[in-house]
Each structure stands twice: as structure tokens, then as C-alpha cells.
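Notes follow the structure.
Only the coordinates and a few stated rules stand behind these numbers; no lab work does. None of these values were measured; they are calculated from a predicted model. For neighbour counting, all protein chains shown are included, and Cβ atoms are generated from backbone atoms with ideal geometry for every residue, glycine included.
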């Protein structure tokens, strides 16, 4: 009985640890390869608030995107202006809305000249293995994320708003183009 209790406690502890470290574990195992770009994000008329730095702007845009959209594999709009509260969206719509909101926050901070925000088309890889090769449907051929480029340092930050809405992981690892 004592062995069963200890085993169960160990299993629960391991699962909690994995959940708490899900972001770093995901970034250590999975990376996105950029295979294309989408149309530039449109800056909204109002960003909906003020933030003090890029990290806060990313967090606010992720939270707003997740609160406004729910994931769908059906035929949906990808126009950020048409994605209102409760709208269904796929990864293209998530990336477009997030990029649009982030550009609005950066404009409110007078930082839009420093950062380039662009929705991009990527593919998920574990090591050299392309996860999209597993699926045959056209819906699963790629995945849209957002690349933020610091024009001063040249550093890139990759954000996956769809993944953030699903499991709370926003920042991902990317490479290419």
C-alpha cells in the first residue's frame, strides 16, 4: 500500500512539474521553421490600452487575442477587423489579430519604428522531423505564428497565439527566412 501511495505521489509530482515547465520543455523540443509570410498586419484604430514595454505589449495582445477568439478548423475569417468577441478562427486568424493588436500597442508606446511585427507561415519540427508530414489534409500543411524583429539588435521573437490560447505557451523557438 505504501509503495502504491509513493508511486502515485511521484506520478502526480512529475505531472505537476511537467505542467509548470511546459514552456521551456516545449521550446527545448519543438521549433518552427519559417516557410513564408502573410500580408502585413493592419494597425487597429485603438490598441485598447497602454503598456510600458514590449513584453507587456506581447502579454496584453496574447490575452486579448485568447479572450476574443476560439479555435476552429472550419471556414472562418482571417481579417482582424472582422474577428470580434467570440469569433471562431484558425491559426491564420489568431496570428493576424495578435499582430494587429501588438502593432497597436507598439504605436501607442511610440515603438512601432523599433519593432517589425509580421505574421509568418511556419512548420513545426522536432529535431529534423517535420510534424506536418504526419497529416495529409490541406488544413494541417503549415501553422501561422508571429515574428517580432527588433530593428536595433536584429533579434527575433516568435509568438504562437494559438498555442497560447490552448495551453498558455506564447513564446516559441523559430528559425529561417
Place a point 7 Å from the Cα of residue 130 in the direction of its beta carbon; the residues of segment 150-177 whose amide N falls under 18 Å from it are 174-177
Which of (1) 48; (2) 16; (3) 25 gives percent of Cα pairs over 29 Å apart as computed here? It is (3)
At the level of C-alpha centres, the distance separating segment 97-160 and segment 10-47, in angstrom, is 11 Å
Calculated from DSSP helices alone, with each H run of at least 4 adding -39500 (n - 2.57) and the total divided by the residues of the chain, [θ]222 nm to the nearest 500 comes to -12000 deg cm²/dmol
Extension length gain for residue 112 and residue 55 (0.36 nm per residue less Cα distance), in nm, is 19.1 nm
Expected sort for 91-103, 18-30 on mean C-beta neighbours within 10 Å, highest first, is 91-103, 18-30
So, relative contact order of the chain in percent, Cα under 8 Å, 6 or more apart, is 28 percent
Contour minus Cα-Cα span, residue 33 to residue 4, at 0.36 nm per residue, comes to 6.1 nm
Between residue 149 and residue 20, the two model label points (7 Å from Cα along the beta-carbon direction) sit apart by a distance in nm of 3.9 nm
